Amino acid sequence: MRQSFVLVLLFCCLFYSVEVQSRRRSKRETFHVIISNETLPCVKMAEMLRRENGGRPPRWTQLNDEDKKEILRMRGYDFIRSLMGTSGRDTDLIFDPLLPAQPLTSKTGTRPLLRSEILNQLQSDRELNDTVSSHPSPSLGEEATVPHLPYVVPEDIGLNRTMFRSSEFVTTVDYCVPRSSTMTQLDGVNYLRMCTACATTTSSPSDFWPAYLYGVICHSDDVSCLYEADIAFGRCVATGMSVMMLRKSTDLCLLVLENGQKMIAQDWSPTQYQLSIGCECAVSEQSRFR
């Protein structure tokens, strides 16, 4: 009798453990199928689904990042991985236009340097430079990840780290590459940057998606370029492009399938955002360099 009770108890514990793990897994791996790209007013869709369910109230669900990527694709737009991020982990990448001529690698040399590692190292260098007066310029110690970083923190060139585009979007300057730093190397010759450029991360409000946009801006004060005899024949100008984001709708909804059951989700509609993605030297038409 006691042995049977122990077996039943063990079975119940095993069943409970499997059930909990299953629930956790299903919650983490919620999969939706968007039934149609067509949207309806949420009130109308809820009433339609109520009639279809025989009077039972419809169920609602939240769309995840993969669903929103699908909505973007269904409406004719792309999720641009180099300019967009859905999580803080995505922001740990280096924006391509600001990559140095020689790739930065970790201490082991097996992977590219992460954005967070660059920021931490730059901050450490800055603190060291402030503390040790005999230290003429930021450099890395023996325990550093790379022999030299071609970047500077925005504070060292007179920029505020946080800039507000509007009351909703917040743009943060991550790091900058100063003018005259090596941009690329061809046939053994270094080609230098003519303008100071800074990598930025823009955080979106909760009713916009994706959560992060990555860009490049010009230095707001260091605006001249292409000098000859202390005369500037060019200006540093930002280059931009319109990217398509999604904005949460307040009154339109989509019909989706979750675990084989029809549910209602609020629609996310495409909206344009003007993003600065580069900084180049524009030459005056009166210059002999044009």
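The values are calculated or read from the model by the stated rules, or taken from the named source; none is laboratory data. Just so you know, these numbers come straight off a predicted model, no measurement behind them. Note that each Cβ is placed from the backbone with ideal geometry, even for glycine, and that neighbours are counted across all protein chains shown. Keep in mind that these areas ignore ligands, DNA and RNA; they rest on the heavy atoms of the full protein, side chains included. Shrake-Rupley method; radii C 1.70, N 1.55, O 1.52, S 1.80 Å.
Does Cys195 count as open to solvent by less than 40 Å² (accessible area, probe 1.4 Å), among the hydrophobic types (A, V, I, L, M, F, W, C), over 30 Å from Gly76 (Cα atoms) and in a strand (DSSP E or B)? Answer is no for this residue. Return the residue satisfying two criteria in turn: it lies in the range 49-68 and is in contact (Cβ under 8 Å) with a residue 40 or more places away in the chain and open to solvent by 90 Å² or more (accessible area, probe 1.4 Å), and of such residues it is farthest from Ala211 (Cα to Cα). Here the residue is Glu52.
Based on what the data block shows, is Cys281 in contact with a strand residue (DSSP E or B) (Cβ under 7 Å, 6 or more places away or on another chain), over 17 Å from Leu83 (Cβ atoms) and not aromatic (Phe, Trp, Tyr)? Spelling it out, Cys281 is indeed in contact with a strand residue (DSSP E or B) (Cβ under 7 Å, 6 or more places away or on another chain), over 17 Å from Leu83 (Cβ atoms) and not aromatic (Phe, Trp, Tyr). Filter the range 57-92 down to residues that are aliphatic (A, V, I, L, M) and assigned to a helix (DSSP H, G or I) and give me whichever is nearest to the chain's Cα centre (by Cα). Filtering first and then ranking leaves Leu72. Condition check for Glu142 on (1) within 30 Å of Thr271 (Cα to Cα); (2) modelled with pLDDT under 65: one failure, at (1). So, of the residues in the range 108-128 that are modelled with pLDDT of 65 or more and part of a loop (DSSP other than H, G, I, E, B), which turns out to be surrounded by the fewest Cβ atoms within 10 Å (Cβ to Cβ)? Among residues in the range 108-128 that are modelled with pLDDT of 65 or more and part of a loop (DSSP other than H, G, I, E, B), the one surrounded by the fewest Cβ atoms within 10 Å (Cβ to Cβ) is Arg111. Within the range 243-290, track down each residue that is over 30 Å from Phe31 (Cβ atoms), acidic (Asp, Glu) and surrounded by 15 or more Cβ atoms within 10 Å (Cβ to Cβ). Matches in the range 243-290: Glu280 only.
The residue that is surrounded by the most Cβ atoms within 10 Å (Cβ to Cβ), among those in the range 198-241 that are farther than 22 Å from Arg115 by Cα and β-branched (Val, Ile, Thr), is Val237.
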